[in-house]
C-alpha cells in the first residue's frame, strides 16, 4: 500500500495537478502593407519618325508642374490617382503635342513622339495623306485609322455579272492584303481572319469587305466596317490594291507623284509604300484617331460624307469617296 500511494502521487504531479494543458496563442495577423498613394510612369520622348531622343522636352501633366526630359529623352511623371489628364509635350523645333495620360498604375517604356518643324519630315505630304489637305485644303479632316487588326471578307464573284473571279486573282489579292496592311500601319496591324464567299455579305464591325465591280476602284476611307471595290482582276493589280487599302486604312490622296496615294505610271510589279509614305504611316499610326493640327488628340471622327467621283483610269484611281 505504501508503494501504491507513491505511484498515485507521482501521476498527479505529472499531470499538472489535474488541469488541462494551455492552448498556444493564435498567430499574429500580418499587417497589410499600406496602399500606394502614387505611381510613376516613365518613358522617352522621341523625334518622329526617326526615333532619336529629344532632350529638354517639357511635359505638363494636368495641373502639375512641368517636368523635362533628360539628355537621353527620358522622363518620369508621378501620378497620384487613376484619373486621365491632359498631357502637353513641347520642345523647340517640334510641333507641340496635346494628348492625355492615365495615372494610377506604374508603367515604364511609354513612348511619345514629336513631329519636327524642320523639312526633314514631309509635313505637307503628311497633311495631305492624313488630313486631306490636298483635295480639301481649306478644311483639314481629323485623322481616321483602324485600331485593331481588320478582318477581310472577299466576294469571289463580280458584283455586276455574277461571274467567278479567277482563283489566281483571289490568291494574289490575299497575298497582297497580308503584305500591304503592315506597311500602311507601320507594323502595328496586320490582316486578321480572311474569308471568301460567292456573294456579298452584310457589312460588319471589324471587317473590310472586298468586291470586284466593273464600275472601277473605290473604297470607304478609314471606316469600320470598311469596304473596297476593285475594278479589275489578275496578278498585275498590286498598285490598285495598295492604293485602295491605303484609303481603307485612313489615307487620302496626295499631290506627290509617283507615290501610292498620288498615282503615277504603273506596271506589273509589286508595289511598296514610298519612303515618305512609310514615314508618314509611322506617325499616323502612333496617334489616336481624331488627331488634329498641329498635333492635338481629338474625339473620334464621324464618318465622312461621300460623293462618287469617277476617274478615267481604273488603275491609277478610283471612284474615290471624298
Out of (1) out of contact with any helix residue (DSSP H, G or I) (no Cβ under 7 Å at 6 or more places or on another chain); (2) in contact (Cβ under 8 Å) with a residue 24 or more places away in the chain; (3) surrounded by fewer than 18 Cβ atoms within 10 Å (Cβ to Cβ), the one residue 139 does not meet is (2)
Can you confirm whether residue 195 is buried (at least 18 other Cβ atoms within 10 Å of the Cβ), over 18 Å from the mean Cα position of the chain (by Cα), assigned by TED's automatic domain parsing to the domain that holds residue 228 and not in a loop (DSSP other than H, G, I, E, B)? no
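Could you tell me which of the residues 170, 177, 154 is touching a helix residue (DSSP H, G or I) at 6+ places or on another chain (Cβ under 9 Å), in a helix (DSSP H, G or I) and either surrounded by fewer than 16 Cβ atoms within 10 Å (Cβ to Cβ) or modelled with pLDDT of 95 or more (or both)? Walk me through it before giving the result.
On the way: 170 fails: touching a helix residue (DSSP H, G or I) at 6+ places or on another chain (Cβ under 9 Å); 154 fails: in a helix (DSSP H, G or I).
Residue meeting the stated conditions: 177.
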Taking region 223-241 and the residues there that are within 18 Å of residue 149 (Cβ to Cβ) and in contact with a helix residue (DSSP H, G or I) (Cβ under 7 Å, 6 or more places away or on another chain), the one that is surrounded by the fewest Cβ atoms within 10 Å (Cβ to Cβ) would be 241
Residue 190 passes all but one of the listed conditions (1) surrounded by 15 or more Cβ atoms within 10 Å (Cβ to Cβ); (2) closer than 26 Å to residue 267 by Cα; the exception is number (1)
Residues of region 180-217 being under 21 Å from residue 277 (Cα atoms) and either in contact (Cβ under 8 Å) with a residue 60 or more places away in the chain or touching a helix residue (DSSP H, G or I) at 6+ places or on another chain (Cβ under 8 Å) (or both), in sequence order, are 180, 181, 183, 184, 185, 186, 188, 189, 190, 191, 217
Over region 99-121, the set of residues in contact (Cβ under 8 Å) with a residue 24 or more places away in the chain, surrounded by 12 or more Cβ atoms within 10 Å (Cβ to Cβ) and either within 19 Å of the chain's Cα centre (by Cα) or closer than 21 Å to residue 282 by Cβ (or both) is 99, 100, 101, 107, 110, 112, 113, 114, 115, 116, 117, 121
Considering every residue within region 209-222, establish whether at least one is within 20 Å of the chain's Cα centre (by Cα), surrounded by fewer than 20 Cβ atoms within 10 Å (Cβ to Cβ) and closer than 27 Å to residue 131 by Cβ.
no
### Message
Taking the criterion of being in contact (Cβ under 8 Å) with a residue 12 or more places away in the chain and closer than 24 Å to residue 291 by Cβ, would at least one residue in region 22-38 satisfy it?
### Response
no
A careful count of residues in region 223-259 that are under 15 Å from residue 183 (Cα atoms) and either outside the structural domain of residue 172 (by TED's automatic domain parsing) or under 21 Å from the mean Cα position of the chain (by Cα) (or both) gives 10
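The values are calculated or read from the model by the stated rules, or taken from the named source; none is laboratory data. What you see is a predicted model, and the numbers here were worked out from it, not measured in a lab. Reconstructed Cβ throughout: ideal geometry from the backbone, glycine too, with neighbour counts over all protein chains shown.
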